[in-house]
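A.B. asks: Can you read through this structure? Questions will come right after.
The values are calculated or read from the model by the stated rules, or taken from the named source; none is laboratory data. Only a predicted model underlies this, so the values are computations on that prediction, with no experimental measurement involved. Because the Cβ atoms are built from the backbone with ideal geometry, glycine has one as well, and the counts that use them run over all protein chains shown. Note: accessible area is taken over every heavy atom of the protein model, side chains too, but ligands, DNA and RNA are not part of it. Shrake-Rupley method; radii C 1.70, N 1.55, O 1.52, S 1.80 Å.
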Amino acid sequence: MRPANTLGLRHVALTVKQLEACVEFYKDLLGMRIEWQPDADNVYLTTGNDNLALHRASENFKRDKGQVLDHMGFIIKTPEEVDKWCEFLRSHNVTIKAEPRTHRDGARSFYCEDPEGNMIQMIYHAPLI
């Protein structure tokens, strides 16, 4: 028998080469705050209901080994806010990979990159609000 449902995906850990730039992106642009920084190579950020761990990559770290992350999604409150987020991030020279669009299920999203090249989806999805 399967145990009770999980509480959702609320923790992601990324190995990054540009730790400081990524902290700045997630903190200053996306509004996360530092929850815990045990040392100079590890930072844990949160919005209050999630946790993003950033770990500094070693000098010989190669991204082509192991699991490859496709993208992470940040939930936005309304479809209109999706467009506002796109313009805000564009004004801060964030690379927009796909312009805002409305999906068949009514969700609305766009994709951008963090300083490390990780794909971020900014998405309004009614069942998650």
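A.B. asks: Scanning the stretch 1-29 for residues that are touching a residue at least 60 places away in the same chain (Cβ under 8 Å) and among the aliphatic types (A, V, I, L, M), which turns out surrounded by the most Cβ atoms within 10 Å (Cβ to Cβ)?
C.D. replies: Only one residue tops the list, namely V16.
A.B. asks: So how many residues does the stretch 92-129 have that are out of contact with any helix residue (DSSP H, G or I) (no Cβ under 8 Å at 6 or more places or on another chain), without any contact (Cβ under 8 Å) to a residue 40 or more places away in the chain and either charged (D, E, K, R) or within 16 Å of K27 (Cα to Cα) (or both)?
C.D. replies: 6
A.B. asks: Here's a follow-up. Which of the residues spanning the stretch 79-91 are in contact (Cβ under 8 Å) with a residue 40 or more places away in the chain and either open to solvent by less than 50 Å² (accessible area, probe 1.4 Å) or aliphatic (A, V, I, L, M) (or both)?
C.D. replies: Result: P79, V82, L89.
A.B. asks: Quick check on my filter: what residues within the stretch 79-107 are at pLDDT 95 or above and in a loop (DSSP other than H, G, I, E, B)?
C.D. replies: Those that are at pLDDT 95 or above and in a loop (DSSP other than H, G, I, E, B): H92, N93, V94, T95.
A.B. asks: In the stretch 68-83, how many residues are within 16 Å of L52 (Cβ to Cβ) and aliphatic (A, V, I, L, M)?
C.D. replies: So the count comes out to 3.
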